[in-house]
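All remarks here apply to the structure that follows.
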Amino acid sequence: MTKNRVALQDIGWSFVGGRFRDRGSFEDSLRRYQVRLGNPDTLEPGELAILSPVIRVQFMCWDGDEQIEPVVTFTAENGVAFSVGDLLFQLHNAVVEKLEGMDHHFFEGLALVSSPASEPTPLYRLRQGS
């Protein structure tokens, strides 16, 4: 679980390949991806990632020739907190269609932008790499 302002920065992922139908398939692909990166021990899909029942995530993408930064809201599967697998599964399925054709489609963590003290729902920014 993150105690700093960047969550999941040690996990690599690429938002390509379309949506996943179920979390089990996604987690299998995520595990294989970590092995290819040489980081097989960094992934624990059941580990708590963010202690909040609801979060918002902002990401950068293109709408035609215009760069936009949509915000997507996620609800933890258990209604209490996000596990690594739950969060990345939901995130992948929400953004893959917008990011798949972009250079910046690699996951580099989630940076906390605002916390419940300033907003009712925490806002994270998707750190995207190429």
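The values are calculated or read from the model by the stated rules, or taken from the named source; none is laboratory data. Please read these numbers as outputs of a predicted model, since none were measured by experiment. Neighbour counts are summed over all protein chains in view; Cβ atoms, including those assigned to glycine, are modelled from backbone coordinates with ideal geometry.
Of all residues assigned to the range 55-75, none qualifies as being over 16 Å from the mean Cα position of the chain (by Cα), over 30 Å from Glu119 (Cα atoms) and either surrounded by 14 or more Cβ atoms within 10 Å (Cβ to Cβ) or modelled with pLDDT of 95 or more (or both). The single condition among (1) more than 14 Å from the chain's Cα centre (by Cα); (2) over 25 Å from Arg5 (Cβ atoms) that Arg19 does not meet is (1). Note on the range 6-54: residues that are of a type in the set (S, T, N, Q), closer than 18 Å to Gly129 by Cα and not in a loop (DSSP other than H, G, I, E, B) total 2. When Leu88 is tested against (1) aliphatic (A, V, I, L, M); (2) in contact with a helix residue (DSSP H, G or I) (Cβ under 8 Å, 6 or more places away or on another chain); (3) closer than 12 Å to Pro122 by Cβ, just one condition goes unmet, and that condition is (3). Any residue in the range 65-79 that is part of a helix (DSSP H, G or I), among the polar types (S, T, N, Q) and touching an Asp or Glu at 6+ places or on another chain (Cβ under 9 Å)? No, the range 65-79 contains no residue that is part of a helix (DSSP H, G or I), among the polar types (S, T, N, Q) and touching an Asp or Glu at 6+ places or on another chain (Cβ under 9 Å). Among the residues of the range 89-107, is any surrounded by fewer than 16 Cβ atoms within 10 Å (Cβ to Cβ), part of a strand (DSSP E or B) and touching a residue at least 40 places away in the same chain (Cβ under 8 Å)? No: zero hits. Note on the range 1-54: among residues that are closer than 23 Å to His104 by Cα and polar (S, T, N, Q), the one that is surrounded by the most Cβ atoms within 10 Å (Cβ to Cβ) is Gln34.
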